[in-house]
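First the structure, in the form of structure tokens, and then the observations on it.
The values are calculated or read from the model by the stated rules, or taken from the named source; none is laboratory data. Because the structure is a prediction, the values reported are computed rather than measured. Neighbour counts are summed over all protein chains in view; Cβ atoms, including those assigned to glycine, are modelled from backbone coordinates with ideal geometry. Areas reflect the complete protein model, heavy atoms only, side chains present, ligands, DNA and RNA absent. Shrake-Rupley method; radii C 1.70, N 1.55, O 1.52, S 1.80 Å.
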Amino acid sequence: MSYDKFEALKRRYLALRSVETVRVLRIQDEIVSEIRAFLKGEGFVEILAPIIGPVTDPGIRGAKQVSIDYYGARFKVMSSMILYKQMMIISLPKIFALSPNVRLEPLETVKTRRHLTEFRQIDLEVAYATYKDVMELGERMLCHVTTKIKRKCRRELKEQKRDLKVPRRPFKKYTYKEALEILENLGIHVKYGLEIPWGAEEALSKVHNEPFWVTDFPTTARCFYYMEHEDNSEILKDFDLIYPEGFGESISGGEREHRYAEVVERMRISGEDISEYGWYLDMLKAGVPPSAGFGIGVERLTRFICGLENIWDAVPFPKVAGVYSP
Ligand code: AMP
Ligand code: MG
């Protein structure tokens, strides 16, 4: 991998002049507009995302959260707004936000070509929905955006030499267990109960030419906010959508565990410091509706649509682990 790329990132004011960057940013503008149009058409209300708060998403796979001194208290910069989405559906049953996230990802993520330390999600939540409902929504959303971009950005995609295909619905669905079996056949062993490592996820993605779902992750692999199956508390009603051609993860989401006592128990088991979750637990005690939702990374979607080697070419001001760029 070429480290010259990092030099270009440090001098972004020069790289921003390149025709490819200009093209990618034009396509990205259409992607965001089309997702907004699609979600509005589905009855969603766009809300303004929080940037800081007393607590944020702990389920960030080894990345570090960023804390700030907020008038003498420790506040976090949002690693994701998941906990806040549950607060919002109290008043609006279908919401989304273009939410900025900061995660100090491990240094080795510079090699995955799909990790930034500052990125954005289109983050949505639907009251009273099941995880299957929002998976269906995710499929239609991805098909909508690829159809529109193919039509509106035909010239740009041609210049990118990107042969973008509109995915065929319904997308293939594997359980986590089945995904591990496919990996085993590729000679990659993943220990049951853990997250699928980035390299393995990329290998799985490479042997597909259509996006596909991985569902039902083990409870030990994921955070306290996902609902367990009624008949098997060891697996969750959750999912990832994986892009084909080696682009890797696109979406994560699932059905929410919204019951106070169950959440406290799950936090205890996973070793969370319960005292940090003050308002969140108080809110659950007061009662929130059941819901499901997901987040799709905007830069990863741009990378996939434009066929970019590196995610940092899918954002005007990229932040990559360990690289001091503007
Ligand atoms: P997560 O909740 O960690 O699954 O994040 C939700 C979505 O945000 C993922 O499915 C990705 O599309 C995107 N995402 C997560 N982490 C990163 C990262 N470090 N850089 C860019 N995109 C990310
Ligand atoms: Mg994920």
* With respect to Ser270, determine if the residue is farther than 27 Å from Lys150 by Cβ and out of contact with any Lys or Arg (no Cβ under 7 Å at 6 or more places or on another chain). => yes
* Structure fact -> Those residues of region 281-323 which are more than 9 Å from ligand 1 (Cβ to nearest atom), among the aromatic types (Phe, Trp, Tyr) and either open to solvent by 10 Å² or more (accessible area, probe 1.4 Å) or not in a helix (DSSP H, G or I) (or both) amount to Phe317
* **Any pair with Cβ under 8 angstrom, 6 or more apart, that starts in region 48-69 at a residue that is within 17 Å of Tyr277 (Cα to Cα) and touching a residue at least 60 places away in the same chain (Cβ under 8 Å) and ends at one that is of a type in the set (D, E, K, R) and within 16 Å of ligand 2 (Cβ to nearest atom)** => Gly59/Arg222
* Structure fact -> Restricting region 134-170 to residues that are under 29 Å from Arg23 (Cα atoms) and in contact with a strand residue (DSSP E or B) (Cβ under 9 Å, 6 or more places away or on another chain), the one surrounded by the fewest Cβ atoms within 10 Å (Cβ to Cβ) turns out to be Glu139
* Test: residue in region 237-251 that is away from ligand 1 (no atom under 16 Å from the Cβ), open to solvent by 50 Å² or more (accessible area, probe 1.4 Å) and either under 30 Å from Val207 (Cβ atoms) or without any contact (Cβ under 8 Å) to a residue 60 or more places away in the chain (or both) -> no
* Of these, Val264, Val207, Val214, which one is open to solvent by less than 10 Å² (accessible area, probe 1.4 Å) and either more than 22 Å from Glu184 (Cβ to Cβ) or modelled with pLDDT of 95 or more (or both)? -> Val214
* Candidate set from region 82-105 (those that are of a type outside the set (Lys, Arg) and near ligand 1 (Cβ under 10 Å from one of its atoms)); member that is most open to solvent (accessible area, probe 1.4 Å) -> Leu104
* To do: Could you grab the pairs with beta carbons closer than 7 Å, sequence gap of 6+ or different chains, first residue in region 71-98 and within 16 Å of ligand 2 (Cβ to nearest atom), second one open to solvent by 60 Å² or more (accessible area, probe 1.4 Å) and in a loop (DSSP other than H, G, I, E, B)?
  => Met78/Ile51
* Can you tell me how many residues in region 183-192 are assigned to a helix (DSSP H, G or I) and buried (at least 16 other Cβ atoms within 10 Å of the Cβ)? -> 1
* To do: May I ask you to verify whether Val166 is farther than 28 Å from Arg266 by Cβ and either within 21 Å of the chain's Cα centre (by Cα) or of a type in the set (A, V, I, L, M, F, W, C) (or both)?
  => yes
* To do: Could you list, in sequence order, all residues of region 6-56 that are of a type in the set (A, V, I, L, M) and out of contact with any helix residue (DSSP H, G or I) (no Cβ under 7 Å at 6 or more places or on another chain)?
  => Leu14, Leu16, Val19, Val22, Leu25, Ala37, Leu39, Val45, Leu48, Ala49, Ile51, Ile52
